[in-house]
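What follows is a single structure, written as structure tokens, with notes after it.
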Amino acid sequence: MDSIEKIKTHIEKNFSEKRKKHTYGVANTALELAKQYGCDEYKAELAALFHDLYRSIPVNVLNYHVKHLELDKKYIDNANLSHGKIAAIMIQRDFDISDEDIINAVSYHTTGRPNMSLLEKIIYIADAVEPNRNYPGVDELRRVVKEDLDKAIYMSLSRTIDYVSSEGNYLDKDTIHAKEYFEEIINKGE
Ligand code: FE
Ligand code: FE
């Protein structure tokens with residue numbers, strides 16, 4: 001079975017309605033952006049379908065995987081940060097994925113990072129703007145993403161940093177460094 005068929009079968013069997021909607025929303029948005037920005041469309045769709053494979057898994061199960069896979073202790077009791085890291089490993093084991101770019105796009109979809117590839121950027125921002133998302137500023141972000149991918153990512157990273165800080169939650173260093181990286185790119189362009 002083709003990888004896209006395989007993950008779709010898994011999604012249909014295991015995902016909640018809400019998670020399905022979100023995942024297909026990310027896949028469609030990622031496909032559109034891949035067409036617009038000249039990214040591999042197959043990889044964009046596949047990475048999108050994989051990105052939240054571990055999103056709705058109970059935290060005790062995620063903690064088990066964090067220990068078993070010897071991931072950093074910062075991922076314990078942090079489903080928000082661990083689900084992408086675990087998925088990035090499991091798609092290699094369970095879905096025979098070996099493409100580094102797809103693996104990284106899944107791994108960094110929550111935090112972003114400096115020097116993101118085009119595919120990583122597309123998955124990161126598709127996750128933030130897919131049609132089922134609803135938060136203050138999302139329409140502005142949808143507009144910007146069609147004109148300037150880097151600027152949209154910078155805006156989304158800034159919003160995430162403000163939000164995570166205001167909630168008093170742990171802010172990953174990759175997110176802070178990513179924001180600095182995109183800030184520099186945007187300033188150079190102006
Ligand atoms: Fe996610
Ligand atoms: Fe997501």
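We did not get these values from a lab; they are worked out from the coordinates using the rules stated. This one's a predicted model, so the numbers in the text were calculated from it and none came from an experiment. Heads up, the Cβs are rebuilt from the backbone with ideal geometry, glycines too, and the neighbour counts pull from every protein chain shown.
Values as computed for the structure displayed
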read-out: Rounded if a/c under 1.5, otherwise prolate or oblate - the chain, Cα gyration tensor axes; value: oblate
read-out: Pairs beyond 28 Å (Cα-Cα), from Lys146/Lys188; Lys35/Lys179; Lys8/Lys173; Lys21/Lys85; value: Lys8/Lys173
read-out: Cα gyration tensor shape for region 100-190, rounded if a/c is under 1.5, else prolate or oblate; value: rounded
read-out: Whole-number percent relative contact order across region 117-190, with pairs defined as alpha carbons under 8 Å at least 6 apart; value: 27 percent
read-out: Gyration tensor over alpha-carbon atoms, region 21-81, equivalent ellipsoid semi-axes in Å; value: 30, 12, 8
read-out: Cα-based reach from Lys13 at 20 Å (exclusive), listing aspartates and glutamates while leaving out same-chain residues under 8 positions away; value: Asp2, Glu5, Glu45, Asp52, Asp94, Asp96
read-out: Sorted by Cβ neighbour density within 10 Å, fewest at the top, the residues His51, His10, His22, His83; value: His10, His22, His83, His51
read-out: Theoretical ellipticity at 222 nm over the chain - DSSP helices of four or more residues, -39500 (n - 2.57) apiece, nearest 500; value: -22500 deg cm²/dmol
read-out: Alpha carbon convex hull of region 57-137, projected area averaged over orientations, nm²; value: 6.5 nm²
read-out: Within a Gaussian network of the chain (alpha carbon springs, distance under 10 Å), most fluctuating of Val129, Val61, Val26; value: Val61
